[in-house]
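What follows is a single structure, written as structure tokens, with notes after it.
The values are calculated or read from the model by the stated rules, or taken from the named source; none is laboratory data. All values reported here derive from a predicted model rather than from experimental measurement. With ideal geometry, Cβ positions are generated from the backbone for all residues, glycine too; neighbour counts draw on all protein chains shown.
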Amino acid sequence: MYIPPRYEMTERGEALALMRAYPFAFFVLNGEGAPEAAHLPFLTEEEDGRLYLRAHMARANPLSEALEQGARALVIFQGPHGYISPAWTDDPKMVPTWNYQAVHAYGPVRTIDGKDRCLDLLARMTAQFEEARPDPWRMDGLEPGWKARLLEATAMFEMEVERLEAKTKLSQDKAGERGTAILEGLAREGADPELMAAMRAALKER
């Protein structure tokens, strides 16, 4: 990923926070003749100083075969993003652009085997996405026979992250009144509140 120095997200904790806040990511592997991708929710977990991404996909997905071969993968996390119009400022040199935050994670993938390990991963993933609900759903409610069939039809895997690249392009070069004007333009046109919050923080730091 091309990252000019002013847009580099240098704090590892900030990158991990974005990965956890936007866990639905692009999972990319080299296929036959061309890259192939899947759209999957990921758990971002740290263990003994190492970073792991864990997920699962249907065994019917052709990408699941590559998991068995120890392939190397790229996982792309996309944070808040939005179009930025020059019409919002008085800058005669400004052109249309796109603000965004993203993290790229690279590393080798391997399957997760064993009934207990697979059930534990599913339980952790379910808990992550259910915890904010007033009445969280639990896997304990699944009929045992159906649960066994689901495990057979699911390929679970993990990637140990060897390299992280993180970018936060949020109009850091538009300080003062022009930065304020961009934020006001976004607000008028109903932009993503998360993008606006990230931009406010970035512009305040300048």
Query raised in the report: Is there a residue in region 66-84 that is among the β-branched types (Val, Ile, Thr), touching a residue at least 40 places away in the same chain (Cβ under 8 Å) and over 22 Å from Ala202 (Cβ atoms)?
Result: yes
Query raised in the report: If only one of Ala132, Ala175, Ala187 is among the aliphatic types (A, V, I, L, M), more than 27 Å from Tyr52 (Cα to Cα), free of Cβ contacts under 8 Å to residues at least 24 places away in the same chain and exposed (fewer than 13 other Cβ atoms within 10 Å of the Cβ), which one is it?
Result: Ala187
Query raised in the report: Which condition number does Ala58 fail, the rest of (1) in contact (Cβ under 8 Å) with a residue 24 or more places away in the chain; (2) on the phi > 0 side of the Ramachandran plot being met?
Result: (2)
Query raised in the report: If we keep just the residues of region 143-167 that are of a type in the set (A, V, I, L, M, F, W, C) and in contact with a Gly (Cβ under 9 Å, 6 or more places away or on another chain), which is nearest to Asp48 (Cα to Cα)?
Result: Val161
Query raised in the report: From the set of residues in region 54-90 that are farther than 30 Å from Thr180 by Cα and touching a Gly at 6+ places or on another chain (Cβ under 8 Å), which is modelled with the lowest pLDDT?
Result: Ala66
Query raised in the report: Does region 145-166 contain at least one residue that is surrounded by 13 or more Cβ atoms within 10 Å (Cβ to Cβ), without any contact (Cβ under 8 Å) to a residue 40 or more places away in the chain and under 20 Å from Gly82 (Cβ atoms)?
Result: no
